[in-house]
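Beneath this line is the structure, given in structure tokens, with notes to follow.
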Amino acid sequence: MAIEQGEVEKIAELARIRISKEEIGDVTQRITEVLQMVDQLQAVDTRDIEPMANPLDATQRLRPDEVTQSNRRDAFQAIAPAVENGLYLVPKVIE
Amino acid sequence: MHTKSVAQLAKGLRERQFSSAELTRAYLDRITTLDTQYNSFITVNEAAALEAAEAADRSLAVGNANALTGIPIAHKDIFCTEGVRTSCGSRMLENFIPPYDATVIERFKAAGAVLLGKTNMDEFAMGSSNESSFYGPARNPWNTDLVPGGSSGGSAAAVAGLLAPAATGTDTGGSIRQPAAFCGITGLKPTYGRVSRLGIVAFASSLDQAGPMAHSAEDCALLLNIMAGHDPLDSTSSTVATQDYCATLDDSLEGLRIGLPAEYFGEGLDVTTGECINNALKELEAQGATLVELSLPHSALTIPTYYIIAPAEASTNLSRFDGVRYGYRCENPADLHDLYSRTRQEGFGEEVKRRILVGTYALSAGYYDAYYKKAQQIRRLIKQDFMDCFEQVDIIAGPTAPGPAFALGAKSNDPISMYLEDVYTLAVNLAGLPGMSLPAGFVEGKPVGLQLIGRHFDEARLLNVAHRFQQATDWHLSTPDSAKGGSL
């Protein structure tokens, strides 16, 4: 199926990816091509077929709720774009 | 030294024919001289590699050596390496220096291997040609006008160009096997969960798997012995026991049943590539294997199924790149929304953004059942096809790719034609099976790969079949002319 440019703008907003006005037409065309390619799935009868999320049908293992790793905040924040007093800095959110 | 296998190099180190420092220096010199042709490395780890080599030499001197002690290994730039930049082929991680090692890297370090450098790849492992790398495409040592395949194209080119004796790769839809085929080397994608995913930059978490890339099946077995095993820090890591993958390499193929899916030999397969595969199958038959024709009826659905599931998982995994905690951040963000959306606009390349958008769409309200759930249901049908076949046969064989390596630029503007490159490899990831590619001839000087697919956790059998094939053939020993220059 074809996708409208407005819909691409909406999913780009959901995905937090800015798309310029010059690019939006081309991006819409490319995504339409992908969606047309995957459309053939709709013709397959999948009644009563359990969706498969893990190829081995494995389920999540649980571990005891114990502290196993030490705090490495300094190492992790050393690679951040902007930090101060142990906090990550972002543009002001609340006026 | 650089023409020797990992097994031979390990023996040479033990017998003190040369030191790890000499060996590592030799590969570093070759990289300096020859990698201008291939662009197979993004980062060369020169100083730390020489230091690790000297440490390995001290272990060797006191007789405290493991199978890989002192062997230089190149790692795909998707594995986090403590203190060594890990870019994942993206601008987003251009300055990312991980504070920890991936479990795979930790295991190689514990085994005494030397981390030679980090290899080029398609951005976030999304591609089949290595052309989506932010660091420029890697090139095929057999002909530098051709792509090396992808996404682990740098690892394949580095091994084929004799710039590293072996390398690691990851494979989400063919990213070890297809570049191995294009570059004339041997590569193995293990069973889903066989090798830890901890510290591997995630693309599609239900498909991603790391594996070895080297000249021979024997070398791949040596590497897999280090890589495979349970990791409590990866919740999808398998607890199934590993085995010594070298122990059964020489087993006879007498009575082996090899399945040939009709769908892998039909329309779309290059004729000469098909002839190479048929000749390879005759060799296996001569060693006592039986060929069984069979069918994987849902094969035509693997590309659309994959191109829902992989982008959906990628869109969630790649949401972590937000310009806040690590990686690229745009200049002068107006507000938090602008920070996120412009960081991701500028930090990601075209193919990555396209897949995130497709995945976001497939998971969004109103479309989830029609796309993502539907694809997961068909994924089960695709897996069931293989399970049915493995009732009749021990392994499945066919071509790794529909044809040999193509020219740079030939498909880079047409995503759909690029996706078709993976027509024979995607199903293996969807079903979680082990698969490998090994050299099986040439089409006009371009290598052809034979793909072997096994039952879950039957890596040892694939390596056994590949090793027996390589004992009787010498395709895996061919060296491209471009690699014959340089030192040693």
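The values are calculated or read from the model by the stated rules, or taken from the named source; none is laboratory data. In this text, all values refer to a predicted model and were calculated from it rather than measured experimentally. Every residue, glycine among them, receives a Cβ derived from its backbone with ideal geometry; neighbour counts consider all protein chains shown.
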Review point. Looking at B:A312, B:A280, which one is more than 29 Å from B:P404 (Cα to Cα), in contact (Cβ under 8 Å) with a residue 60 or more places away in the chain, of a type in the set (A, V, I, L, M) and assigned to a helix (DSSP H, G or I)?
Key: B:A312
Point to revise | Breaking point among (1) part of a helix (DSSP H, G or I); (2) in contact with a Phe, Trp or Tyr (Cβ under 7 Å, 6 or more places away or on another chain); (3) surrounded by 24 or more Cβ atoms within 10 Å (Cβ to Cβ), for B:G323 | key: (1)
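Taking A:V83, is it more than 30 Å from B:I416 (Cα to Cα), surrounded by 12 or more Cβ atoms within 10 Å (Cβ to Cβ) and either at the interface with chain B (Cβ under 9 Å from one of its Cβ atoms) or among the aliphatic types (A, V, I, L, M) (or both)?
On the way: more than 30 Å from B:I416 (Cα to Cα): yes; surrounded by 12 or more Cβ atoms within 10 Å (Cβ to Cβ): yes; either at the interface with chain B (Cβ under 9 Å from one of its Cβ atoms) or among the aliphatic types (A, V, I, L, M) (or both): yes.
So A:V83 passes the test.
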Review point. Quick one: how many residues across segment A:25-44 are more than 9 Å from every other protein chain (Cβ to nearest Cβ) and either in contact with a helix residue (DSSP H, G or I) (Cβ under 6 Å, 6 or more places away or on another chain) or within 11 Å of B:K374 (Cβ to Cβ) (or both)?
Key: 2
Study note, to complete from the structure: Of the candidates B:G117, B:G89, B:G149, the one satisfying the condition of being surrounded by 24 or more Cβ atoms within 10 Å (Cβ to Cβ), under 23 Å from B:A21 (Cα atoms) and away from chain A (no Cβ under 14 Å) is B:G117
Revision key, fill the gap. If we keep only residues of segment B:433-463 that are surrounded by fewer than 24 Cβ atoms within 10 Å (Cβ to Cβ) and in contact with a Ser or Thr (Cβ under 6 Å, 6 or more places away or on another chain), then the residue farthest from B:D251 (Cα to Cα) is B:V443
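Return yes or no: is B:E22 over 23 Å from B:E106 (Cα atoms) and part of a helix (DSSP H, G or I)? Write out each step before concluding.
On the way: over 23 Å from B:E106 (Cα atoms): yes; part of a helix (DSSP H, G or I): yes.
Against the criterion (over 23 Å from B:E106 (Cα atoms) and part of a helix (DSSP H, G or I)), B:E22 qualifies.
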**Study point:** Selected residue (only one of B:G349, B:G323, B:G327 is more than 9 Å from chain A (Cβ to nearest Cβ) and farther than 30 Å from B:V292 by Cβ)
**Key:** B:G349
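So that you can scan it fast, the table gives a plain yes or no per residue for (1) surrounded by 14 or more Cβ atoms within 10 Å (Cβ to Cβ); (2) basic (K, R); (3) assigned to a helix (DSSP H, G or I); (4) within 14 Å of chain A (Cβ to nearest Cβ):
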| position | (1), (2), (3), (4) |
| --- | --- |
| B:A204 | yes, no, no, yes |
| B:P212 | yes, no, no, no |
| B:N225 | yes, no, yes, no |
| B:P232 | no, no, no, yes |
| B:T236 | yes, no, no, yes |
| B:D244 | no, no, no, no |
| B:T248 | yes, no, no, no |
| B:L253 | yes, no, no, no |
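Consider A:D65 carefully, then state whether it is farther than 22 Å from B:K383 by Cβ, in a loop (DSSP other than H, G, I, E, B), more than 7 Å from chain B (Cβ to nearest Cβ) and without any contact (Cβ under 8 Å) to a residue 40 or more places away in the chain. If you could, list the steps in order and put the result at the bottom.
Details: farther than 22 Å from B:K383 by Cβ: yes; in a loop (DSSP other than H, G, I, E, B): yes; more than 7 Å from chain B (Cβ to nearest Cβ): yes; without any contact (Cβ under 8 Å) to a residue 40 or more places away in the chain: yes.
Judged against the criteria, A:D65 is a match.
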Review point. Is one or more of the residues making up segment A:11-20 surrounded by 14 or more Cβ atoms within 10 Å (Cβ to Cβ), at the interface with chain B (Cβ under 7 Å from one of its Cβ atoms), of a type in the set (V, I, T) and not in a loop (DSSP other than H, G, I, E, B)?
Key: yes
Practice item. Output the residues belonging to segment B:335-346 that are within 7 Å of chain A (Cβ to nearest Cβ) and surrounded by fewer than 19 Cβ atoms within 10 Å (Cβ to Cβ). Key: B:D335, B:L336, B:Q345
Point to revise | helices (runs of 4 or more DSSP H) enclosed by segment B:353-460 - at least 1 residues per element that are in contact (Cβ under 8 Å) with a residue 40 or more places away in the chain and over 23 Å from the mean Cα position of the chain (by Cα) | key: B:374-389
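Scan B:T360, B:T316 and give me the residue that is hydroxyl-bearing (S, T, Y) and crowded, with 19+ Cβ neighbours inside 10 Å. Explain how you work it out, then say what you get.
Values: B:T316 fails: crowded, with 19+ Cβ neighbours inside 10 Å.
Unique residue meeting the criteria: B:T360.
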Check your understanding: Here are some residues: B:L420, B:L381, B:L426. Which one is of a type in the set (A, V, I, L, M, F, W, C) and at pLDDT below 95?
Key -> B:L420
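Please determine, by comparing only the residues of segment B:232-250 that are among the acidic types (D, E) and in contact with a Lys or Arg (Cβ under 8 Å, 6 or more places away or on another chain), which one is modelled with the lowest pLDDT. Let's see the steps before the verdict.
First, pick out the residues of segment B:232-250 that are among the acidic types (D, E): B:234, B:244, B:250.
Adding the requirement that they be in contact with a Lys or Arg (Cβ under 8 Å, 6 or more places away or on another chain) leaves B:234, B:250.
Working: B:D234: 95, B:D250: 98.
Taking the candidates together, the pick is B:D234.
Is it fair to say A:D74 is in a helix (DSSP H, G or I), within 25 Å of B:E350 (Cα to Cα), more than 7 Å from chain B (Cβ to nearest Cβ) and without any contact (Cβ under 8 Å) to a residue 40 or more places away in the chain?
Details: in a helix (DSSP H, G or I): yes; within 25 Å of B:E350 (Cα to Cα): no; more than 7 Å from chain B (Cβ to nearest Cβ): yes; without any contact (Cβ under 8 Å) to a residue 40 or more places away in the chain: yes.
Against the criterion (in a helix (DSSP H, G or I), within 25 Å of B:E350 (Cα to Cα), more than 7 Å from chain B (Cβ to nearest Cβ) and without any contact (Cβ under 8 Å) to a residue 40 or more places away in the chain), A:D74 does not qualify.
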Study note, to complete from the structure: Within segment B:85-118, the count of residues that are closer than 25 Å to B:S132 by Cα, hydroxyl-bearing (S, T, Y) and touching a Cys at 6+ places or on another chain (Cβ under 9 Å) comes to 1
**Study point:** Candidates B:A204, B:A214 - the one that is closer than 28 Å to A:M52 by Cα, out of contact with any Lys or Arg (no Cβ under 9 Å at 6 or more places or on another chain) and hydrophobic (A, V, I, L, M, F, W, C)
**Key:** B:A204
Check your understanding: When you go through (1) under 18 Å from B:Y135 (Cβ atoms); (2) without any contact (Cβ under 8 Å) to a residue 12 or more places away in the chain one by one for B:N45, which number turns out not to apply?
Key -> (2)
